[in-house]
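Quick notes on the structure that follows.
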Amino acid sequence: MDNPIWGADWAQVRANWTLDPEVTFLNHGSFGATPRCVLELQSQLRAEMERQPVLFLDRTLRGKLDQSLAAVGSLLGTSPKNLAFVPNATYGINSVVKSLDFGPGDELLIVEHGYGAIIKTLQCVADRTGAQVVLVSIPFPVESPDEIATVVISALNERTRFVVIDQITSPTAMILPVKPIVDACRERGIYVMVDGAHAPGMLPFNLDAMAPDFWSGNLHKWVCAPKGAAVLYVRPELAQRIEPVVTSHNFGMKFPEEFFWTGTDDPTPYICVRSAIEFIAGLGWARVHSHNHALARYGRRVVAELIGGGLPVPDSTEYYGSMAIVEFPSKVKFKTIEEARAFQGRLYERYRIEVPMMVIDGRSLLRLSAQVYNAPGQYERLGEALRAMLK
Ligand SMILES: Cc1ncc(COP(=O)(O)O)c(C=O)c1O
């Protein structure tokens, strides 16, 4: 489609969400948002569970989970045998890092644009084992994906035992060149985990072709499943090494069996994943990807123009997908993340516009999300509101 963001059919698509019409919601990236039909299914499943909890949780749950996991396997290009549901990417990544043995002198590597909670997870394991966290700073603004791969690969050495590489960074919304980094780690016998928190549903990719040791990604973000749905991939040869962070009845059965029961919980987000995938597939994955990218591209341009801001990420689908950042003009300098959040809060209070702001490498940024329920006018509204606030 040449111009995929305007059209009557997108207005109809928007009606499928239950988002507050008073709010200009440009932050799908943080927690996702789920279409009404999937939420209705979740309510039905919860009602079914409450009518006969033992039948639901003990006797029929596994079949429902298997069906949903098969749909995830088809979407991500791997066998469902290599996958387990987890409540979120943080849980998936924690399970891997805490299953492996590290010792004094070992290096656990992550890029500086990595997600804060994951950097802390590595720090927690490093503190317990005497390992060290190595934060690699990546060129920003970047001139080519090769530049990033080269910097990360050059930081590998004989002490590097574990690498986490983001498929899409959280603060800068950048797609990172994971494949050459995965290959370099595997050639050197270094464990490599891809943090795919934002990737499912935003980018087309194939896990078998990517072939990392471990990967975890959220389904509650860009697949639009209910909150508390994510997935962990473990390369079959490593399945015996990985346990969930919570030990329960399936202890000893290893990956993925142990993940199927980690104590009583509400499994309806996992069961609903299949219908979330079907919902987006009904709109057309390629059409959704191109709509969302075109809208993010439009949004970042219009906001940058209205506030006199910068675009530090190159204009290409190679660098960003359905999220994009805009740099504030030089007169706006958030000194701390708290200052950025305070400004974000004032924008919300005055204009009911939800958009995250952050500081990275001393640059003050905002991150736009574009999902099928968003419309071009919302970014124009954001740009006008910011312009008024910055006067
Ligand atoms: C890159 C990255 N990793 C991990 C996470 C954690 O996701 P969750 O809070 O769902 O575990 C996020 C959340 O936005 C993220 O952006």
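A few points about this structure:
- Protection-proxy order for peptides 80-91, 126-137, 251-262, each taking the mean of Cβ atoms within 10 Å per residue, highest first: 80-91, 251-262, 126-137
- Rule-of-thumb Rg ratio for the range 244-290 [Cα; 2.2 N^0.38 Å; N residues]: 1.67
- ³J(HN,Hα) computed for each position of the range 179-190 - Karplus, 6.51 cos²θ - 1.76 cosθ + 1.60, integer Hz, glycine/proline x: 4, x, 6, 4, 4, 5, 5, 5, 4, 8, x, 9
- Of the accessible area of the range 60-203, computed with a 1.4 Å probe over protein heavy atoms only, carbon and sulfur atoms account for 50 percent.
- Rounded to the nearest 500, the 222 nm mean residue ellipticity of the chain from helices alone is -13000 deg cm²/dmol, with -39,500 (n - 2.57) taken per DSSP H run of at least 4 residues.
- Per-residue packing, averaged as other Cβ atoms within 10 Å, sorts the ranges 32-45, 212-225, 109-122 into the order 212-225, 109-122, 32-45, beginning with the highest.
- Per-residue ³J(HN,Hα) for the range 259-276, Karplus 6.51 cos²θ - 1.76 cosθ + 1.60, θ = phi - 60°, Hz, x for Gly and Pro: 7, 6, 9, 10, x, 4, 7, 8, x, 5, x, 5, 5, 6, 4, 4, 6, 5
- Over 32 Å (Cα to Cα) - which of Lys98/Lys331; Lys179/Lys335; Lys179/Lys227 fall in this group: Lys98/Lys331; Lys179/Lys335
- Dipole size of the range 80-238 about its Cα centre, with +1 on Lys/Arg Cβ and -1 on Asp/Glu Cβ: approximately 580 debye, rounded to the nearest 20.
- A simple packing score, the average count of other Cβ atoms within 10 Å per residue, orders the peptides 13-19, 267-273 as 267-273, 13-19, with the highest score first.
- For the range 1-67, the average shadow cast by the Cα convex hull is 7.4 nm², which is a quarter of the hull's surface.
- With contacts taken as Cα pairs under 8 Å and at least 6 residues apart, the range 39-279 reaches a relative contact order of 24 percent.
- Of every Cα-Cα pair in the range 260-391, the percent that sits beyond 18 Å: 60
- Whole-angstrom gap from the range 223-262 to the range 311-384, using each part's C-alpha centre: 35
- Here the Karplus relation 6.51 cos²θ - 1.76 cosθ + 1.60, evaluated at θ = phi - 60°, turns the backbone of the range 146-159 into coupling constants of 4, 4, 5, 4, 4, 5, 5, 5, 5, 7, 6, 8, 5, 8 Hz, with x for every Gly and Pro.
- All Cα-Cα distances of the range 39-279, cut into 10 Å bins from zero to the largest, leave 8, 32, 35, 18, 6, 1 percent in each bin in turn.
- Local charge for Gly377 was computed over the other residues whose Cβ lies under 13 Å away, with Lys and Arg +1 and Asp and Glu -1, and equals 0.
The values are calculated or read from the model by the stated rules, or taken from the named source; none is laboratory data. Everything numeric in this text was worked out from a predicted model, so none of it was measured. Positions of Cβ are generated from backbone atoms using ideal geometry, with glycine treated the same way; all protein chains shown enter the neighbour counts. The area values use the complete protein model at the heavy-atom level, side chains included, leaving out ligands, DNA and RNA. Shrake-Rupley method; radii C 1.70, N 1.55, O 1.52, S 1.80 Å.
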